[in-house]
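In what follows, a single structure is set out as structure tokens and then discussed.
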Amino acid sequence: MADIALGSAVRVVNVALAIKTAVDTAKQNKKDCVEIGKLAALVNSHTERLKKKTEAMADPAMRDALEAMADCLDDALLLIAKCNGKCFLLRYLKASDMSKQLRRANDEISKKMLLGIFATCVDTNIALGQRSQYAGQAENPRSSQPRTDQARPGVTKNDKGKTMVATVRRAESDPLSGIAQFSLSQLEAATNDFSEDSYDKRGYYKGVLLHNGLDVVAAIKKFSVSNDLELQHELSIRAKLQHRNIVKLLGYAKVEERPCFLVEEYMPNAKSLESIINASRLDWPSCFKIIQGIAKGLHYLHKQWVLYMDLKPASILVRSDMDPVIVNFGLSVVLDGDDDTIPGDALAGTLGYVAPEKIRRANVSLKSDVFSFGVILLEMITGRRVSPFDDLPEWSSIEMIRSMKGLFDPALADESQLMKINRCREVGLKCIEWDPKCRPTMADVLEMLNS
């Protein structure tokens, strides 16, 4: 089966490469062809990585998933070929008709990726710059290599090659002011020279530091940057964030020729939502408290015009009282306002939670975060990632709900909670609408959840 799937993967790669060649020679509808070319290149990149995953290639569903993608790319290739000026059919096709067909093909490729044909089979992060996660393993704070500008979200190059930050609005002229700065010696003393005893398996070092005149237990995380601009980018976003459902930044340490460090609040016994979804069953009130808390935290960020960019269960910690906290702001950017957008070419996310406009490399906005929230909400209820095209009928009885395998234990649910559970289902489906304009704002989400 792995060999069959590998053959399908090779077909996808070959067709994607053929699309690149066809786009280069296209004479009509050039812009639409180029957009398909960009998406085909993205598919090609993921498929090349997928070919190296032996376990994934042995999945019986993989062959069909790859064949469906290859068929989709084949259709797009035929359309692009008609735009090379040599096909007589163009005499009978208006340019606007061809444009519609090309855009439809673009959408079909995006849908194939989004529907889970790729997202559930290729469990890979396409973040341009990955940070140590709370739920992951910490790297040696003394041995990290700095990332390039291209690996830093929000850092782009202008037409003259000058590095620019895609954060338009700043918290203050000097984002480093007002934030506690610790020395490396202070961190070494707090962590016993970054000893194994001070290391927490959630990906940080635990230590006691003097902060605002008080001894505070803190979580100390390595933070690799290639220049001061990256550090300013992170601090300018987080300097003013004060909310129960957002991890609190206590300070930082800037060390020459070494990784920087972020000093954050320590949350004992907190677990990643990802681990809870995979291993736990909760009563409905606890599950709903997590949903509400994520919504509140994301709404707070959006009020500050912060586009979080990579919302997923691994980026959410849940305290012992079931109150969630959004962590890891490495991909976040600050927009100019509620309706501001950023070109998708400069952005990243995690397949399965990423909004379709990101996959299409169209402009993204705060509504892209709303999509990710909707996927998480529905995953918590149903136990699976739901796409905009999945059939998810209303649950008309508690028996239907008990057939779900989500985060909450259906055996602990009763008829009185049926309306609230269905309301969450409706909210989740609204959040994952294909068109961002049809999605609610996080303010709307909170209002619907509380109604």
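The values are calculated or read from the model by the stated rules, or taken from the named source; none is laboratory data. Please read all numbers here as calculations on a predicted model, not as lab measurements. In this analysis, Cβ positions are derived from the backbone assuming ideal geometry, glycine residues included, and neighbour counts consider all displayed protein chains.
Here is how the numbers come out for the structure above:
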read-out: Lone unmet requirement of (1) within 28 Å of Lys358 (Cα to Cα); (2) in the same structural domain as Ser416 (by TED's automatic domain parsing); (3) of a type outside the set (A, V, I, L, M) for His233; value: (2)
read-out: Residue within the stretch 238-254 that is closer than 23 Å to Glu379 by Cβ and of a type in the set (Val, Ile, Thr) present; value: yes
read-out: Qualifying residue in the stretch 250-257 (condition: over 30 Å from Leu335 (Cα atoms) and outside the structural domain of Met419 (by TED's automatic domain parsing)); value: yes
read-out: Residue among Ala270, Ala279 that is surrounded by fewer than 17 Cβ atoms within 10 Å (Cβ to Cβ) and either modelled with pLDDT under 90 or under 24 Å from the mean Cα position of the chain (by Cα) (or both); value: Ala279
read-out: Residue match in the stretch 314-327 (condition: touching a residue at least 12 places away in the same chain (Cβ under 8 Å), in contact with a strand residue (DSSP E or B) (Cβ under 7 Å, 6 or more places away or on another chain), in a helix (DSSP H, G or I) and of a type in the set (A, V, I, L, M, F, W, C)); value: yes
read-out: Any hit, the stretch 190-202, residues being closer than 24 Å to Val333 by Cβ and outside any helix (DSSP H, G or I); value: no
read-out: Cβ-Cβ under 9 Å pairs, at least 6 apart or on other chains, the stretch 268-289 side under 19 Å from Ala314 (Cβ atoms), far side among the basic types (Lys, Arg) and buried (at least 20 other Cβ atoms within 10 Å of the Cβ); value: Ala270/Arg202; Lys271/Arg202; Ser272/Arg202; Leu273/Lys312; Glu274/Lys312
read-out: Failed item, numbered, when Arg238 is tested on (1) in contact (Cβ under 8 Å) with a residue 24 or more places away in the chain; (2) charged (D, E, K, R); (3) closer than 24 Å to Val427 by Cβ; value: (3)
read-out: Matching entry among Ile326, Ile381 (being over 28 Å from Leu231 (Cβ atoms) and either surrounded by 20 or more Cβ atoms within 10 Å (Cβ to Cβ) or not hydrophobic (A, V, I, L, M, F, W, C) (or both)); value: Ile381
read-out: Residues within the stretch 228-284 that are charged (D, E, K, R) and in a helix (DSSP H, G or I), tallied; value: 5
read-out: Looking only at the stretch 220-239, and only at residues there that are closer than 13 Å to Phe182 by Cβ and at pLDDT 85 or above, the one that is surrounded by the most Cβ atoms within 10 Å (Cβ to Cβ); value: Ile220
